[in-house]
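Asks: Please find one structure pasted underneath; my questions will follow.
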Amino acid sequence: MHRRFVRRIPSAEYVTPHHLGGKRVVRGIVTRCDNPLPLRSWGCAEQDGSVGDADNFRLYHKPLLHYRTTPTTKAALKDETLHIRLAGVDAPELAHFGHPAQPYSAEALDHLTKLVLGKTVDVRLYSKDRYGRVVGMAHVRTLPWPFRKRNVSEEMLRAGLATVYTAGGAEYGGMKARFDALQEEAQASLKSRLLAATAGFVVRTRLMSSTSKATKEARSREFVDITGASSNDALRFLKASSWRLEPALDAFYNDPSACRAAELLQQQTNGGAVGKNLEKLWERYQDPKNPAESDFDGTTLYCEDLQIEPSDVVMLALAWLLKAPTMPRFSKKGFVEGWKPIGKDTVDLQRAYLSRLRSEMRDPETFRKIYNFTFDYMKTEGQKSLQLDIASELWNTLIPLDPDSPFSPHHLEMWQQFLVKRGSKAVSRDTWNLFLEFTRTIDPNFEQYDEEAAWPSIIDDFVSDVREGK
């Protein structure tokens, strides 16, 4: 009762998985700022302070029983607003990061500003995007208040100033069909030219004209070498990314159908030759006494061939991909079955593929799989637990890399000191796996810890220890 009707959620950092998935609706004010001009660094448009591009705004959460006056100054609003990304729609972007403004961006921003600025807005929270914004379905209350509400995403679509968001992770709140219908209606209007503009057509045309033919060909070959995709797919993704390789690779790896098509192409192209090539390559690294596995020398040689250090974190992702049994060994079965489906049967191809593994580690779910795998890979064979000193080194390496964890280095150090003070010598699988979830959900002040959840007792004790030490 107190949490829902009295306690404010000051910023997105305090939004936990318990709030998401459409479970929680927050009400607040899209604030006006008395001194908006300095707020460009705060992530907002200069014009109004709390409305950014035309698909996001900042909300000052005001629970039902919260009577504090809404702040209007930069200092008072700092770290006190929720950055909301409108669910289900995409709008043209203003000029930033060196890119010119997309067509109709000013009109779209003006329309969203008139809809929400200074208004009471209800937002149903669904997820967080990779920029830390909260994706939510927003409704602004209109007369006759409080019985009538306007869906902000619908209004942007109806005006022809946004399109239905179709990228991975889109949230529609059950309204996808409604959004599609509104978009079709908007296409009949003059403003429907936005559909081409929002996709970056004008911007890409300008950028591509300055990229030489030789550069395009080189990037296309590099794209094919890394992904195994067809030249047509390479051309498609590179064009969509203005011939920038990294964004093109990110888009490719976020497209499951493209990845499957590339893997199928490799299988069709290479057939049984890939498996034979891998078996031949394996002979270079196998243990002479046990050809089914590599020994320390074989694994070290493999790292040298891949041009990576054994301590490079990508080795954990590689071990996960190849289902390595334990550090520092690989198995022939995992080596062949890991590389064969993706057609990487030479050291050069495998070395190039490491960039994809590094990219995949930026996906929260893939990172979780690699993190969980690391427990078995790094623990002493035959033991059920992971030695504390090894676990600590791994946490120091992995937790700062987690794309979904705001856990600070200071709190990580406190956790490790707590384990030492407690006399812990090893870490159980349950503690290892759930500690990652804990770092992803706990707020910076340890105030919103769910004591009813099934956390290991050692994490319960750690939270109590931190609270008592404040």
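Asks: On the protein heavy atoms, probe 1.4 angstrom, tell me the percent of accessible surface of segment 369-430 carried by carbon and sulfur.
Replies: 50 percent
Asks: May I ask you to evaluate 6.51 cos²θ - 1.76 cosθ + 1.60, the Karplus curve with θ = phi - 60°, for each residue of segment 274-290 and list the ³J(HN,Hα) values in order in whole Hz, giving x for glycine and proline?
Replies: 4, x, 5, 5, 5, 5, 5, 5, 4, 4, 5, 10, 5, 6, x, 8, 9
Asks: If you place +1 on the Cβ of every Lys and Arg and -1 on the Cβ of every Asp and Glu, how big does the dipole about the Cα centre of segment 216-298 come out, in debye to the nearest 20?
Replies: I would put it at about 460 debye.
Asks: Can I ask one more? Checking the cross-link filter: which lysines have an alpha carbon closer than 24 Å to that of residue 340, excluding same-chain neighbours under 8 positions apart?
Replies: Excluding near neighbours in sequence, the set is 276, 280, 323, 332, 369.
Asks: Follow-up. How many Å² of accessible area per residue for segment 313-411, probe 1.4 Å?
Replies: 44 Å²
Asks: Using θ = phi - 60° and the Karplus relation 6.51 cos²θ - 1.76 cosθ + 1.60, list the HN-Hα couplings for segment 309-320 in order, rounded to whole Hz, with x at every Gly or Pro.
Replies: 7, x, 7, 4, 4, 5, 4, 5, 5, 5, 4, 5
Asks: What's the local net charge at residue 136, with K and R +1, D and E -1, over the other residues with C-beta under 13 Å away?
Replies: Cβ neighbours under 13 Å give a net charge of +4.
Asks: Relative contact order of segment 306-455: what whole-number percent is it, with Cα pairs under 8 angstrom and at least 6 residues apart?
Replies: RCO, segment 306-455: 22 percent.
Asks: Any chance you could look up the accessible area of residue 158 with a 1.4 Å probe, heavy atoms only, rounded to 10 Å²?
Replies: Its accessible surface works out to 110 Å², give or take rounding.
Asks: Can you compute 3J(HN,Hα) from phi for each residue in segment 424-429, using the Karplus curve 6.51 cos²θ - 1.76 cosθ + 1.60 with θ = phi - 60°, rounded to whole Hz and x for Gly and Pro?
Replies: Values per residue, Gly and Pro as x: 5, 10, 8, 10, 6, 4 Hz.
Asks: Which of the lysines could a cross-linker span from residue 239 if the Cα-Cα distance has to be under 25 Å and same-chain partners fewer than 8 positions apart are dropped?
Replies: Correct list for residue 239: 191, 213, 216.
Asks: Over the heavy atoms of residue 246, what accessible area does a 1.4 Å probe trace out, to the nearest 10 Å²?
Replies: For residue 246, solvent-accessible area is about 110 Å².
Asks: To the nearest 10 square angstrom, what accessible area does residue 225 show with a 1.4 Å probe?
Replies: 80 Å²
Asks: Continuing with this model, one more query. Find out how many positive minus negative residues lie around residue 390, taking Lys and Arg as positive, Asp and Glu as negative, among other residues whose Cβ is under 12 Å from that of residue 390.
Replies: 0
The values are calculated or read from the model by the stated rules, or taken from the named source; none is laboratory data. The shown structure was predicted, so the numbers you read here are calculated from the model rather than taken from an experiment. Methodologically, a virtual Cβ is constructed for each residue, glycine included, from the backbone with ideal geometry; neighbour enumeration extends over all protein chains shown. Note: areas computed on protein heavy atoms with side chains; ligands, DNA, RNA excluded. Shrake-Rupley method; radii C 1.70, N 1.55, O 1.52, S 1.80 Å.
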